[in-house]
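K.L.:
Got a structure here, written out as structure tokens. Questions coming.
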Amino acid sequence: MKSFFQNQKGVFALLHAFCLGSGTAFSRKGGKSLAFMMLLLSFTLGVKANPVDVRQAREVGAKFINANTAMKVTPDNGLHWVTTYQTANNDAAFYVFDTPKGFVIVAADDCATPILGYSEEGHFGLDNIPVQMQAYLQGFVEQI
């Protein structure tokens, strides 16, 4: 079995051969490959993340809780909105919902992993968040 790095060398060699062809990146033969790579890059530059509203986040949270815990909730019954953390631009970063026995934290942007955290016990209390948890949540705000 090949190691991870051996496989990576093969991928890089293949990419190098594809991009450069038999010439350099600036030769006629390599120019076609360079143009193709630039075209691919232009497609990725237009990709933008979309915001997730409270309703969508509540649905995602309910599905996660139902699939990963013994609790059974619906978006309208069992998940109660606690708070919305916001970015410096006043955009929603993530939502916090209490469940019957715990809580779930759901990203407010589809560029992030949908579920940022959850607990099956203890509700999310805004008044007594430990310093470590505050730093953890602030990291999410800055990344989103």
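All of the numbers you see were taken from the coordinates with simple rules; none came from a lab. Note that the coordinates shown come from a computational prediction; the quantities given were computed from them, not determined experimentally. Note: ideal-geometry Cβ built from the backbone for every residue, glycine included; neighbour counts use all protein chains shown.
K.L.:
Given R₀ = 22 Å, what would the calculated FRET efficiency be for Val54 paired with Ser119, taking r from the Cβ atoms and rounding to 0.05?
P.N.:
0.65
K.L.:
Read phi for every residue in segment 55-64 and hand back ³J(HN,Hα) as whole Hz from Karplus 6.51 cos²θ - 1.76 cosθ + 1.60, θ = phi - 60°, with x for Gly and Pro.
P.N.:
Taking θ as phi minus 60°, the curve returns 4, 5, 4, 5, 5, 4, x, 4, 4, 5 Hz for segment 55-64.
K.L.:
Right, something else. Starting from the Cα of Gln134, step 7 Å along the direction of its Cβ; do the same at Val82; then give the gap between the two resulting points in nm.
P.N.:
1.6
K.L.:
Could you order peptides 130-139, 99-108, 64-73 by the average number of other Cβ atoms within 10 Å of their residues, highest first? The partial results should precede the final answer.
P.N.:
Working: 130-139: 11.0, 99-108: 21.5, 64-73: 14.8.
Ranked by mean Cβ neighbours within 10 Å, highest first: 99-108, 64-73, 130-139.
K.L.:
Please list, in chain and number order, the residues 5+ apart from Cys111 or on another chain whose amide H is under 5 Å from its amide H, with Hs placed from the backbone.
P.N.:
Hits under the 5 Å cutoff: Asn50.
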